[in-house]
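Visitor: Before I ask anything, here is the structure I am working with.
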Ligand SMILES: [Fe+2]
Ligand SMILES: [Fe+2]
């Protein structure tokens, strides 16, 4: 499809050029009524895990950013916004189910800050490599949770879209890294 970019190596079902999908008032609902306890337990654990991961992801990009007017910074803002969307998505789902995020999420905030800030100090190549490394871990984590958790349909679609987005981030950082290598070689 023209103007569409597909993420990850998965079947191309999600448009990763949509950074913040539309979310209308009628899409919000309270969830979990009548679900077996075991199923709920797994969903809760998975949503909390994703919430901490996305907290970390927002901070990685936020602290990789500099004030320079570069295309890399433009793309980092785009990625940060996308991660903020993911964070919103999982936070909304947690509260729709009547749960709250992990009490230890601040630790992931700090880890994200560390990765973001120190990769920024080490330069563009390290920024891109850190992004690729963190996103690859995220894609694997998402894959495991998609496989092992019995999601409700709406939450599953969000989790799958978010995983596709992480794949899209990997593709973007890889393309920039290759362009840099080619530029240096020339
Ligand atoms: Fe994300
Ligand atoms: Fe990402």
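Visitor: Residues of segment 132-172 with the amide nitrogen closer than 18 Å to a label point 7 Å from the Cα of residue 71, along Cα-to-Cβ, please.
Guide: Answer for this model: 169-172.
Visitor: Report, to the nearest 10°, how far helix 124-148 tilts away from the longest principal axis of the Cα atoms in the chain, using its own Cα long axis and a range of 0 to 90°.
Guide: 20 degrees
Visitor: Can you give the angle from 0 to 90° between the axis of helix 105-122 and the longest principal axis of the chain, with both taken from C-alpha atoms, to the nearest 10?
Guide: 10 degrees
Visitor: What's the ranking of 17-30, 88-101 by average number of surrounding C-beta atoms within 10 Å, highest first?
Guide: Highest to lowest by the protection proxy: 88-101, 17-30.
Visitor: Could you check the spin-label model distance between residue 104 and residue 143? Points 7 Å from the Cα along Cα→Cβ, value in nm.
Guide: 2.5 nm
Visitor: Could you tell me the relative contact order of the chain? Use alpha-carbon pairs under 8 Å, at least six residues apart, and round to a whole percent. Don't skip to the end; give the middle numbers.
Guide: Working: 205 pairs, mean separation 57.2, N = 186.
Once normalised by length, the contact order is 31 percent.
Visitor: OK, next. Do the sum for the chain: with -39,500 (n - 2.57) for every DSSP H run of n ≥ 4, divided by all residues, what is the mean residue ellipticity at 222 nm, to the nearest 500 deg cm²/dmol?
Guide: Working: 5 runs with 130 residues, N = 186.
So the helix-based figure for the chain works out to -25000 deg cm²/dmol.
Visitor: I need 170, 127 ordered by Cβ neighbour count within 10 Å, fewest first.
Guide: Working: 170 21, 127 25.
Least crowded to most crowded, the residues run 170, 127.
Visitor: Where a ≥ b ≥ c are the square roots of the eigenvalues of the C-alpha gyration tensor, would you call segment 95-172 rounded, which needs a/c under 1.5, or, failing that, prolate if a/b is larger than b/c, or oblate?
Guide: Values: a/c = 3.02, a/b = 1.52, b/c = 1.99.
Oblate is the answer for segment 95-172, as a/c is 1.5 or above yet b/c matches or exceeds a/b.
Visitor: For the chain, with a Gaussian network of springs between Cα atoms less than 10 Å apart, report the residue from 50, 87, 176 with the top mean-square fluctuation.
Guide: For the chain, modelled as a Gaussian network with Cα springs under 10 Å, the answer is 176.
Visitor: Now for a separate question. Measure nothing but the geometry: give the 0 to 90° angle between the long axis through the Cα atoms of 37-64 and the longest principal axis through the Cα atoms of the chain, rounded to 10°.
Guide: With both axes taken from Cα atoms, the answer is about 20 degrees.
Visitor: Can you give the Rg to Rh ratio of the chain, both from alpha-carbon atoms, with Rh computed by the Kirkwood formula?
Guide: Working: Rg = 17.1 Å, Rh = 17.3 Å.
We get a ratio of 0.99 for the chain.
Computed from the coordinates by the stated procedures, all read-outs in this text should not be read as laboratory data. Values in this document were obtained by computation on a predicted structure and should not be read as measured data. Because the Cβ atoms are built from the backbone with ideal geometry, glycine has one as well, and the counts that use them run over all protein chains shown.
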